[in-house]
Amino acid sequence: MTPPTGARDAAAPAPAVHTPAGRSRGARQERRLGLLLCAPAVIVMLAVTAYPIGYALYLSLQRYDLRFPEQAHWVGLANYGAVLTSNFWWQALGVTVLITAVSVAVELVLGLALALVMHRAVFGRGTVRTAVLVPYGIVTVVAAYSWQYAWTPGTGYLAALLPEGSAPLTEQWPAIGLIILAEVWKTTPFMALLLLAGLALVPDETVRAAMVDGATFGQRLRLVILPLMKPAILVALLFRTLDAFRIFDNIYVLTGGSNGTGSVSILGYDNLFTALNLGIGSAISVLIFGCVALIALVFVKLFGAATPGAEPEHR
Amino acid sequence: MSTRHTRALTGWGIANLVVVLYALFPVWWIVALSFKDPSTLSDGDFVPRTWTWTNYRGIFQTSEFTRALVNSIGIAVIATTIAVVLGTMAAYAVARLRFPGKRLLIGVSLLIAMFPPISLVSPLFNIERVLGLFDTWAGLIIPYMTFSLPLAIYTLSAFFREIPWDLEKAAKVDGATPWQAFRLVIAPLAAPGVFTTGILVFIFCWNDFLFAISLTSTISARTVPAAIAFFTGSSQFEQPTGSIAAAAVIITIPIVVFVLLFQRRIVAGLTAGAVKG
């Protein structure tokens with residue numbers, strides 16, 4: 001270390017950092033560093049989402065057929081009119097809402113049960129946790145193919161259990177049921193892990209006190225554990241609802257969206273890559289974005305779901 | 001041991017067993033299919049009558065699969081690296097520094113975590129065609145790293161909050177240079193969190209299907225999940241079931257390895273970001 005030399009150092013009072021001026025310089029440097037460190041991440045995120053969604057908004061106001069790109073022209077809100085008056089959109093929206101609502105509800109119940117098992121597991125905790133992480137980590141398309149083959153007559157062990165001649169994936173309601181099953185299988189573990197973390201925050205003494213007071217297991221769960229877990233439950237529900245609303249992979253592989261099983265994401269994909277209609281496809285993209293924003297708003301405003309990370313500023 | 005205790009133990013044991021079976025049941029079926037002989041593929045047997053490597057040999061002979069595997073690994077590794085580096089910088093700032101716009105950053109990443117990817121597919125498809133990024137590695141790396149950044153920032157900032165940063169000061173008092181303090185004290189403490197985040201981000205990129213089928217058109221950038229969906233049988237009368245099953249098992253292997261080796265950390269990483277808030 002070189003000893004401090006030079007007039008400036010000598011002139012500066014030794015406890016410089018403790019003077020108000022010094023602190024504010026430190027704070028300013030800290031602020032600069034903070035902004036500098038965040039800038040790349042923020043720029044990337046905005047450039048790849050905000051700009052394209054704006055561009056989608058612009059594209060959605062044009063008649064734009066990819067087969068005849070030179071004929072693209074401004075049509076105003078006509079694409080939205082076409083989508084919103086079409087049965088396909090409402091059918092897909094209905095299917096998406098149904099799949100979202102049912103799968104998230106089932107996942108919440110199963111996930112809670114799973115979390116309780118993992119929380120109380122006296123032995124084999126590691127094994128259970130490892131097993132549960134497999135559905136979380138596995139590629140959705142892989143799992144979807146496994147389910148698809150299992151339920152297809154000819155290749156499937158599950159189809160073999162059904163009465164002769166039934167092909168559940170080719171009928172609307174059974175197919176939707178199986179899509180929900182595949183979705184629930186894949187994502188319940190994630191829900192369970194989030195709930196498990198919430199469960200760990202419930203103080204043991206409180207639960208034991210309720211037990212001493214003679215509360216049954218059901219009462220303890222309903223009156224003590226669940227209310228204390230409310231923040232964790234809301235976060236898990238918010239994440240999973242938005243995730244389920246975007247469902248694409250499972251449907252693409254299981255039914256391809258045929259027989260009235262397509263979600264809004266499938267509809268958007270088909271309009272873009274099968275019908276090659278960029279205008280209509282973009283209008284659907286913008287509408288889906290609107291739906292997702294609405295769901296998030298409802299969760300945050302109505303249920304008061306705490307946005308993760310939005311903790312009080314402290315260090 | 002009292003009978004009541006034994007019974008409770010058995011009950012939980014059975015519950016554990018049910019959970020394990022639930023998790024592994026569909027996985028087993030795709031493994032079983034992948035080892036079946038083409039002639040017995042459609043027998044519906046739960047366990048293959050004869051085990052064979054035919055399907056695996058078959059897919060490794062086509063560039064359709066091997067090229068896709070290279071694409072998958074390359075794209076996921078590069079996207080993960082960039083996302084983790086940018087995420088580490090931002091998360092350090094979020095966890096340790098005081099600066100305006102912190103809430104904005106958190107808000108923006110939350111918005112992006114919830115963003116429906118399909119909404120980006122049509123504009124990105126057009127933008128990437130114009131920029132010449134369509135059907136290239138970069139064309140997939142860009143959306144992947146963007147969508148994994150919120151995950152990286154949340155997880156890492158939760159990990160960084162746990163680090164006892166005073167140790168850095170203590171090391172400096174003991175005469176360490178800032179670089180030594182970072183390399184010998186802080187880096188070893190931060191490494192597990194960074195590593196875990198890397199695994200989670202990798203799983204995310206590895207899993208993607210929608211971008212992979214929308215933003216590629218040939219084997220030059222198509223990843224395995226997308227390639228599987230475009231597999232054709234060796235003749236037009238043959239279903240590609242065996243090939244799909246074998247390819248599916250291959251891309252499941254890294255996930256299973258990660259889960260087996262790092263389950264404790266993965267669980268910590270998954271829950272840290274969501275609950276600590």
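The values are calculated or read from the model by the stated rules, or taken from the named source; none is laboratory data. What you see is a predicted model; the values in this text were computed from it and never measured. Using ideal geometry, Cβ is built from the backbone for each residue, glycine included, and neighbour counts are taken over all protein chains shown.
Here are a few things to note about the model shown:
- Residue in the stretch B:11-41 that is farthest from A:Asn250 (Cα to Cα), counting only those that are facing chain A (nearest Cβ under 7 Å) and in contact (Cβ under 8 Å) with a residue 24 or more places away in the chain: B:Leu41
- Annotation note: of A:Ala144, A:Ala182, A:Ala150, the sole residue that is within 22 Å of B:Ala245 (Cβ to Cβ) and either outside any helix (DSSP H, G or I) or at pLDDT below 90 (or both) is A:Ala150.
- Note on the stretch B:98-117: residues that are over 18 Å from B:Thr155 (Cβ atoms) and over 21 Å from the mean Cα position of the chain (by Cα) amount to 6.
- Some residue of the stretch B:232-241 being at pLDDT 90 or above and in contact with a Pro (Cβ under 9 Å, 6 or more places away or on another chain): no
- Positions within the stretch A:178-201 being within 10 Å of another protein chain (Cβ to nearest Cβ) and closer than 15 Å to A:Leu238 by Cα, in sequence order: A:Thr188, A:Phe190, A:Ala192, A:Leu193, A:Leu194, A:Leu195, A:Gly198
- Neighbours by Cβ (under 6 Å, 6+ apart or cross-chain): first from the stretch B:97-116, touching a residue at least 12 places away in the same chain (Cβ under 8 Å); second among the hydroxyl-bearing types (Ser, Thr, Tyr) and not in a helix (DSSP H, G or I): B:Leu110/A:Thr307
- Test: A:Met45 is of a type outside the set (Phe, Trp, Tyr) and within 21 Å of the chain's Cα centre (by Cα): yes
- Answer residue from the stretch A:244-294, given it is under 20 Å from the mean Cα position of the chain (by Cα) and not in a helix (DSSP H, G or I) and is surrounded by the fewest Cβ atoms within 10 Å (Cβ to Cβ) among those: A:Arg246
- Checking A:Leu234 against (1) surrounded by fewer than 21 Cβ atoms within 10 Å (Cβ to Cβ); (2) within 8 Å of chain B (Cβ to nearest Cβ), the condition it does not meet: (2)
- All of A:Ala210, A:Ala175 fail the test of being more than 11 Å from chain B (Cβ to nearest Cβ), assigned to a helix (DSSP H, G or I) and touching a Lys or Arg at 6+ places or on another chain (Cβ under 6 Å), apart from A:Ala210.
Conditions tested, residue by residue: (1) modelled with pLDDT of 90 or more; (2) in a loop (DSSP other than H, G, I, E, B); (3) within 29 Å of B:Tyr144 (Cβ to Cβ).
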| position | (1), (2), (3) |
| --- | --- |
| A:Gly76 | no, yes, no |
| A:Thr100 | yes, no, yes |
| A:Ser103 | yes, no, yes |
| A:Val106 | yes, no, no |
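- Yes/no for A:Leu196 being touching a helix residue (DSSP H, G or I) at 6+ places or on another chain (Cβ under 8 Å) and buried (at least 17 other Cβ atoms within 10 Å of the Cβ): yes
- Subset of the stretch B:79-136 (residues that are more than 7 Å from every other protein chain (Cβ to nearest Cβ), in a loop (DSSP other than H, G, I, E, B) and among the hydrophobic types (A, V, I, L, M, F, W, C)): B:Leu133, B:Phe134
- Selected residue [within 22 Å of A:Leu37 (Cβ to Cβ), surrounded by 24 or more Cβ atoms within 10 Å (Cβ to Cβ) and not charged (D, E, K, R)] from B:Ala152, B:Ala247: B:Ala152
- Any pair with Cβ under 6 angstrom, 6 or more apart, that starts in the stretch B:205-226 at a residue that is buried (at least 23 other Cβ atoms within 10 Å of the Cβ) and ends at one that is outside any helix (DSSP H, G or I) and of a type in the set (S, T, N, Q): B:Ala212/B:Thr223; B:Ala221/B:Thr136; B:Arg222/B:Thr216
For every residue, the table says whether it meets (1) more than 9 Å from every other protein chain (Cβ to nearest Cβ); (2) out of contact with any strand residue (DSSP E or B) (no Cβ under 6 Å at 6 or more places or on another chain); (3) over 28 Å from A:Gln148 (Cα atoms).
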{"position": "A:Phe248", "(1), (2), (3)": "no, yes, no"}
{"position": "A:Asn271", "(1), (2), (3)": "no, no, no"}
{"position": "A:Ser285", "(1), (2), (3)": "no, yes, no"}
{"position": "A:Val298", "(1), (2), (3)": "yes, yes, yes"}
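- For the stretch A:117-127, a tally of residues being modelled with pLDDT of 80 or more and within 9 Å of another protein chain (Cβ to nearest Cβ) returns 2.
- Being closer than 28 Å to A:Phe273 by Cα and not β-branched (Val, Ile, Thr) holds for only one residue in B:Leu189, B:Leu215, B:Leu167, and it is B:Leu215.
- The set of residues in the stretch A:140-162 that are crowded, with 18+ Cβ neighbours inside 10 Å, facing chain B (nearest Cβ under 7 Å) and of a type in the set (A, V, I, L, M, F, W, C) comprises A:Val141, A:Val142, A:Ala143, A:Trp147, A:Ala150.
- Residue check for B:Ile153: within 7 Å of chain A (Cβ to nearest Cβ) and over 15 Å from A:Ala50 (Cα atoms): yes
- Here B:Ala158 does not fit the description of being among the aliphatic types (A, V, I, L, M), closer than 27 Å to B:Pro178 by Cα and within 15 Å of the chain's Cα centre (by Cα).
- Considering residues of the stretch B:165-200 that are farther than 24 Å from B:Ala76 by Cα and of a type in the set (S, T, N, Q) only, the residue surrounded by the fewest Cβ atoms within 10 Å (Cβ to Cβ): B:Thr177
- Residues of the stretch B:63-81 that are crowded, with 17+ Cβ neighbours inside 10 Å and of a type outside the set (Phe, Trp, Tyr): B:Glu64, B:Arg67, B:Ala68, B:Leu69, B:Asn71, B:Ser72, B:Ile75, B:Ala76, B:Ile78, B:Ala79, B:Thr80.
- Any chance B:Pro143 is assigned to a helix (DSSP H, G or I) and out of contact with any Lys or Arg (no Cβ under 9 Å at 6 or more places or on another chain): yes
- Any hit, the stretch A:34-57, residues being at positive phi, of a type outside the set (Val, Ile, Thr) and either crowded, with 16+ Cβ neighbours inside 10 Å or at pLDDT below 90 (or both): no
- Number of the exception - B:Ala191 against (1) under 20 Å from the mean Cα position of the chain (by Cα); (2) facing chain A (nearest Cβ under 10 Å): (2)
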